[in-house]
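Accompanying notes for the structure given below.
The values are calculated or read from the model by the stated rules, or taken from the named source; none is laboratory data. Remember, predicted model here, so these are calculated numbers, not experimental data. Neighbour counts are summed over all protein chains in view; Cβ atoms, including those assigned to glycine, are modelled from backbone coordinates with ideal geometry. All accessible areas refer to the heavy atoms of the entire protein, side chains included, with ligands and DNA or RNA removed. Shrake-Rupley method; radii C 1.70, N 1.55, O 1.52, S 1.80 Å.
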Amino acid sequence: MRMPRSEPPECWHLGVPPIPKRSRLYALEPVNIGTAQVESLTGYVTRLAEAHCVSVADLVGVELSSPASLTPLLTPCRDEHPSNAFYSQSHSINGIGEAPRRWVSVLEAATLRQELSYLTLLPFEHVICESFLFRKSSAWCPRCLESRRLCGVPYESLLWTLAVVKICPVHNEVLVEICPNCHRRAAPLAANSRPGHCSRCGGWLGRENRDGHVQNISNPLELEYQAWIAQAVGGLVASIPRLNGMLLTDRFRHVLSGYMAAVSGGNLLAFGQMTRTPRSALRGWISGQHRPRIGTLLRMCYHLRVPVTALFDATEPVEVAHLRDDRATRRLHCEDKVRIALVQALDEEPPPSLTEVARRLNYTTPERLYEIDRGRCRRIVTRRRQSPDAFWWRRSGARPICDEARIKELLENSLAQKHPTSAFHIAISLGYSGAGCIWRKFPDLCRAIGAKIASNKTIQLDNTRQALRAALEEEPPPSLEHISKRLGFGSPTPLRNYFPDLYRALVARRANYQANRKDKMRTALEAILTEEPPPTILAVCDRLGLSESWLYNLYPELIRAIAARHRARRDQSMKDRRQLSRIEVFQIVSDLESKGERPARALVQVRLSANAVKDWGTVSRFLKEAKRELGIR
């Protein structure tokens, strides 16, 4: 009998298949990396704890800081529980330095995610100063939280943690820092933090409000500036993945030097005045000795009208012709550099004219050169006169510098303009040393241009005089710097030179206003000293519309007294809350024992009232005392 052909047996591979590496924690994916709404690292830790159904205290203090872990996160003090050791540094976790680098390293090792540094500002570690970089309390946009909850993933943006950002760029609303439920501030990362919830009372922080009006910023200019800040910082955090790993320090210094050269010819003082940046800060940034504070850097970019990312992302500066001020470059060279240029001109062949040397140094006329070194200037003039090329235009058959038809065309075009160019500047642009030749050929046109310029100047002075008189009636009286900027002047000096009487009246009125304002401020601060409950210094600053440093400089004793009253009230309130927590823990333990239930910490903590202290360490300590006194094991 013929047997049927059997199929070849299946081939089995007996080798061990490769098993991908397993993470200790869930490999939770960060939200919106590479966008302005990227998640913060503190928000990621909060979501990671919620994904594992544990508190942030247990995740950070027990799991990530366990001695069995390859890279323990925290090494607390002897009497401090690990879960409470991160409170003092929670506001800096999203920033730059050793603390965020350690957090990123530990979390990446635990989750096997490799992009968690994009949730911080670590890529800007060497180009941005960490001072005043982050808020010490959490802030949020209620409408953003509500919309994110509806999408299924409520999270906290890195943008909200930065102290310079006051407005949500999406909804154009001021960020909220005080919980609407318990009316308290909360740390950026606390033991009981949950995404979108207050870490103190547990209340939801989102809301659906279609009113986009910003109530806390009434000044439209300030509102515009804060909106620009939010957009600029959003672009900065969105560029973190693209800029990571680049040598940002050298690029920043190169691009900043390019902007200085384009705007003021390298003049630090002029560039600082036009961008509202201290000259000492600019000098430190260019030399690499100091890193810029983000607020100062953003103010400079705002006046340059360039995004802050242009200082790190671009290789060359963008065009900023709107800010160029040639007056800033007239005194660009110091006396030593001018003398060196004069010495070099004495050795040139063919000998240059003194006017040509002056223009190389960005001077319109040679007068400044005569002031610095009259002897060398005369030698340059003598060499020029003795050279074969001297006075070449006087020789028969010499070609004119410019045709008369071209000169007439330029003069007529200038006269037709609303603000004509003077005959002198036209002559300089054509290569003449002065306007005498043009005046001899076209006296009527030159005279008409001069009359029009004088008429425009008279009209401008009349308009300026009317504006200054109107400023005398304004309330509150504006500063002279603000008036000068409003009128298009770089400083108040022209106002003082042309309108001395109005200038003195404005100065006196402003000084009187400042004195009255200081008196009213002192009266308000003295009244605050008797308020109950004592407000915080931040609340006082918000109420008066002034910065904390300004108040400390003017009224140091009053501010210290207000701060001392608040600290005393806060300490007493905390002492009372701890005492309340102790009483309630004893009562809860007694009730649970009478019911035959085991008094676990979680059960006790849930039953505490809203005013009691609920942190892990306090509840655990009182629970041990209650068990010891009640004889419970």
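If you filter segment 603-627 down to residues that are open to solvent by 60 Å² or more (accessible area, probe 1.4 Å), of a type outside the set (Val, Ile, Thr) and free of Cβ contacts under 8 Å to residues at least 60 places away in the same chain, you find that the one that is nearest to THR536 (Cα to Cα) is ASN611. The residue of segment 98-121 that is surrounded by the most Cβ atoms within 10 Å (Cβ to Cβ), among those that are within 19 Å of the chain's Cα centre (by Cα) and among the hydrophobic types (A, V, I, L, M, F, W, C), is LEU119. Just so you know, in segment 31-45 the residues that are of a type in the set (Ser, Thr, Tyr) and touching a Ser or Thr at 6+ places or on another chain (Cβ under 7 Å) include one that is surrounded by the fewest Cβ atoms within 10 Å (Cβ to Cβ), and it is SER40. Exactly one residue out of SER594, SER590 is small (Gly, Ala, Ser), open to solvent by 90 Å² or more (accessible area, probe 1.4 Å) and either modelled with pLDDT of 90 or more or over 21 Å from ALA186 (Cβ atoms) (or both): that is SER594. The residues listed here are SER65, SER69, SER92; of these, the one that is open to solvent by 30 Å² or more (accessible area, probe 1.4 Å), modelled with pLDDT under 85 and hydroxyl-bearing (Ser, Thr, Tyr) is SER92. Among the residues making up segment 524-575, those that are open to solvent by 40 Å² or more (accessible area, probe 1.4 Å) and β-branched (Val, Ile, Thr) are THR530, THR536. Being without any contact (Cβ under 8 Å) to a residue 12 or more places away in the chain and in a helix (DSSP H, G or I) holds for only one residue in GLU108, GLU146, and it is GLU108. Of all the listed residues (TYR259, TYR225, TYR155), the sole one being crowded, with 19+ Cβ neighbours inside 10 Å and assigned to a helix (DSSP H, G or I) is TYR259. Going through (1) modelled with pLDDT of 90 or more; (2) of a type in the set (Ser, Thr, Tyr); (3) under 30 Å from SER414 (Cα atoms); (4) open to solvent by less than 70 Å² (accessible area, probe 1.4 Å) one by one, THR493 falls short only on (1).
If I filter segment 291-306 for residues that are among the small types (Gly, Ala, Ser) and either touching a Lys or Arg at 6+ places or on another chain (Cβ under 7 Å) or open to solvent by less than 10 Å² (accessible area, probe 1.4 Å) (or both), do I get at least one hit? No: zero hits.
Can you spot a residue in segment 269-280 that is surrounded by 16 or more Cβ atoms within 10 Å (Cβ to Cβ), closer than 16 Å to PHE124 by Cβ and of a type in the set (Gly, Ala, Ser)?
No, because not a single residue in segment 269-280 is surrounded by 16 or more Cβ atoms within 10 Å (Cβ to Cβ), closer than 16 Å to PHE124 by Cβ and of a type in the set (Gly, Ala, Ser).
Name the single residue, out of those in segment 397-435 being within 18 Å of GLU356 (Cα to Cα) and open to solvent by 80 Å² or more (accessible area, probe 1.4 Å), that is modelled with the lowest pLDDT. Result: SER433.
Here is a yes/no grid of residues against (1) at pLDDT 85 or above; (2) surrounded by fewer than 18 Cβ atoms within 10 Å (Cβ to Cβ); (3) under 24 Å from HIS290 (Cα atoms); (4) of a type outside the set (S, T, N, Q):
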| position | (1), (2), (3), (4) |
| --- | --- |
| ILE96 | no, no, yes, yes |
| PRO123 | yes, no, yes, yes |
| VAL127 | yes, no, yes, yes |
| SER138 | yes, no, no, no |
| ARG143 | yes, no, no, yes |
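Quick check on segment 79-88. Is at least one of its residues over 26 Å from the mean Cα position of the chain (by Cα), surrounded by 21 or more Cβ atoms within 10 Å (Cβ to Cβ), closer than 30 Å to ILE294 by Cα and at pLDDT below 70? Within segment 79-88, one or more residues are over 26 Å from the mean Cα position of the chain (by Cα), surrounded by 21 or more Cβ atoms within 10 Å (Cβ to Cβ), closer than 30 Å to ILE294 by Cα and at pLDDT below 70. Among the residues of segment 452-461, at least one is at negative phi, surrounded by 16 or more Cβ atoms within 10 Å (Cβ to Cβ) and of a type outside the set (Ser, Thr, Tyr).
Note on segment 181-196: residues that are over 26 Å from the mean Cα position of the chain (by Cα) and either surrounded by fewer than 22 Cβ atoms within 10 Å (Cβ to Cβ) or not polar (S, T, N, Q) (or both) total 9.
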